1. Mind counting the residues in the stretch B:38-52 that are under 19 Å from the mean Cα position of the chain (by Cα) and either more than 14 Å from chain A (Cβ to nearest Cβ) or acidic (D, E) (or both)?
2. For A:V30, are the conditions met, namely being β-branched (V, I, T), within 30 Å of B:S15 (Cα to Cα) and within 14 Å of chain B (Cβ to nearest Cβ)?
3. Go through the stretch B:118-147 and count every residue that is open to solvent by 60 Å² or more (accessible area, probe 1.4 Å), modelled with pLDDT of 85 or more and not basic (K, R).
4. Filter the stretch B:79-99 down to the residues that are over 20 Å from B:L24 (Cα atoms) and open to solvent by less than 70 Å² (accessible area, probe 1.4 Å) and list them by number.
5. Considering the stretch A:80-96 alone, what residues qualify as being assigned to a helix (DSSP H, G or I), open to solvent by 10 Å² or more (accessible area, probe 1.4 Å) and not aromatic (F, W, Y)?
6. Would you check which residues across the stretch A:102-118 are without any contact (Cβ under 8 Å) to a residue 60 or more places away in the chain and in a helix (DSSP H, G or I) and list them?
7. When the stretch A:19-38 is examined, which residues are found to be free of Cβ contacts under 8 Å to residues at least 12 places away in the same chain and part of a helix (DSSP H, G or I)?
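The values are calculated or read from the model by the stated rules, or taken from the named source; none is laboratory data. Source: prediction; values computed, not measured. For neighbour counting, all protein chains shown are included, and Cβ atoms are generated from backbone atoms with ideal geometry for every residue, glycine included. These accessible areas exclude ligands, DNA and RNA; they are computed on the full protein's heavy atoms, side chains included. Shrake-Rupley method; radii C 1.70, N 1.55, O 1.52, S 1.80 Å.
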Amino acid sequence: MPGPLTALVAATSLALAAWALWFVVRDRAVILRQLWGGAVVVGLLVVQAVVAGVLLAQGAASPDAALFWGYVLTQLILLPLAAAWAFAERTRWSSVVLLGAALTVAFLELRLVQIWAA
Amino acid sequence: MSAAPSGRRDERPASTATGPGRALVAVYGIFALAASARAGYQIATKLDEAPLAYGLSALSALVYVLATVALAGGGGRWRTVAWLAVGIELVGVLAVGTLSVLDAGDFPDETVWSAFGQGYGYVPLVLPFLGLAWLWRTRAGTGPAAA
């Protein structure tokens, strides 16, 4: 997978995690602007999935397909779930959930790169 | 709605699913997903390579799913299920963690609990303690008087 794209995904999700952490410290619930930030990350993840699909179709790499797409799907659903949580829980704990989701997306990105190269 | 004096305590147990509980349920949910996916993949592709490790993988997945659902259930009978699931989780991560360190032969491939959850930033080791602490804090007679 293109290095700049995976780096961008990792950087934006970590930035979102930092933003959420700041809100945890300040004892604030998730705000709508953070959800837009999450939407940007999900948008990049969709782009990444399409790029990966095209590259795989061209035979650029041969990662374990079930493993690879499993990680891609998990990455895609985490932030929307955290967003749903943010509407249900209007306390700092929604920020904790967003923090966890954003960190998990970044961690899965690292695993994706490893699986792709394997 | 009259606010209760700060000294008063509610006799009923508090919900396990709101406030900090929601964050806990979220983390449990992620682990339920991760462990299920891992176990499903291992069992579907290479069960005969390490049946014990993959069986334990499936067990850990089941425990995480059960704990997630029980904690999200909020209370009542789910509380008992949550105590059981989180208790098994604690025993599981300690037992599998110890065994995988002592005898790598039986654990040629990773489970979520291998080496005390090293591959997952040791979160699997910390999680059951958080779960038990949360169940303890929300038990009957200790919650805040007003929800």
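1. The number of residues fulfilling the criteria is 0.
2. In short, yes.
3. Adding up the residues that qualify gives 6.
4. B:A95, B:V96, B:G97, B:T98
5. A:P80, A:L81, A:A83, A:A84, A:A88, A:R92, A:V96
6. Of all residues in the stretch A:102-118, those without any contact (Cβ under 8 Å) to a residue 60 or more places away in the chain come to A:104, A:107-108, A:111, A:114-115, A:117-118.
Across the stretch A:102-118, the qualifying residues are A:T104, A:F107, A:L108, A:R111, A:Q114, A:I115, A:A117.
7. Scanning the stretch A:19-38 gives A:W22, A:V25, A:L32, A:R33, A:W36.
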